Amino acid sequence: DAGVIQSPRHEVTEMGQEVTLRCKPISGHNSLFWYRQTMMRGLELLIYFNNNVPIDDSGMPEDRFSAKMPNASFSTLKIQPSEPRDSAVYFCASSLASGGRLSYEQYFGPGTRLTVT
Amino acid sequence: AQSVTQLGSHVSVSEGALVLLRCNYSSSVPPYLFWYVQYPNQGLQLLLKYTTGATLVKGINGFEAEFKKSETSFHLTKPSAHMSDAAEYFCAGGSARQLTFGSGTQLTVLP
């Protein structure tokens, strides 16, 4: 299996621009997670989906952030407009979880390093 | 609410020495507990997990952790450190509907 695939691996953009991060989960997994990692705040869960349905988006920092999962093999995290404080590494993870529970092993992608200038 | 505390943001050990990374959790219900490792410029990789059953859990790369309910701890150990163990380690814990990661411990292995 190719594992969780994220694109792009690096993104540099200017403040105010729209940014779209992409994730392809492991085939057969039914839960997908978006995380943000910064030095100041560590690893934060932004949102997670179970069977393509958002279960908990309480970690999404504000309305500028949105996530979609149109099908079982693709998800996007969009930031519009982007700000310098959004600079971070964004990870996507997937798992095969019964009932959308978080108690199952998550497989992480390599991350997207976002820099907003 | 579930919280996970990792004691020591940086730990240094000599090659061949014991590795001990500390993790404490707070929970009013039996938790699920995990240790993940992150190598530079990579995503997190699961080392081991505790859900139910045996309290001593063995993982990959010679690591193990023991769930101690009385101490609310889930410390990670390895008898003999190897240079390749240098990485950041994250403890995570939660229930079926909530998962929290600790702030991470950077492990340095000295030759």
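Ordered by the number of other Cβ atoms lying within 10 Å of each residue's own Cβ, fewest first, A:92, A:23 fall into the sequence A:23, A:92. Model label sites at residue B:9 and residue A:2, defined 7 Å from Cα along the beta-carbon direction, differ in position by 3.7 nm.
If the Kirkwood radius is taken over C-alpha pairs of chain A, then at 10 °C and 1.306 mPa s the Stokes-Einstein diffusion coefficient equals 113 µm²/s.
Gyration tensor over the Cα atoms of the protein assembly as shown: the corresponding equivalent ellipsoid has semi-axes (square roots of 5 times the eigenvalues, largest first) of 30, 21, 16 Å. Each of B:36, A:107 was scored by other Cβ atoms within 10 Å of its Cβ. Listed from fewest to most, they are A:107, B:36.
Our estimate of slack between residue A:117 and residue A:10, defined as 0.36 nm per intervening residue step minus the Cα-Cα distance, is 37.2 nm. Fully extended, how many nm does the chain gain between residue A:105 and residue A:85 (0.36 nm per residue separation, minus their Cα-Cα distance)? Here the answer is 4.2 nm. In this structure, residue B:110 and residue A:41 have a Cβ-Cβ separation that, at R0 = 22 Å, corresponds to a calculated FRET efficiency of about 0.15.
Of the GluC sites (Glu not before Pro) found in the range A:3-73, those that fall in a DSSP loop while having at most 15 other beta-carbon atoms within 10 Å are A:14, A:18, A:62. Based on Cα atoms of chain B, Rg over Rh with Rh as the Kirkwood radius reads 0.95. Among the residues of A:42-52, the average count of other protein chain beta-carbon atoms within 10 Å of the residue beta-carbon is 2.
This ranking places A:35, B:39, B:25 by how few other beta-carbon atoms lie within 10 Å of each, fewest first, which gives B:39, B:25, A:35.
Each value in this text was obtained by applying a stated rule to the coordinates, not by laboratory testing. Keep in mind it's a predicted model, so treat the numbers as computed, not measured. Ideal geometry is used to build each Cβ from the backbone, glycine not excepted, and the neighbour counts take in all protein chains shown.
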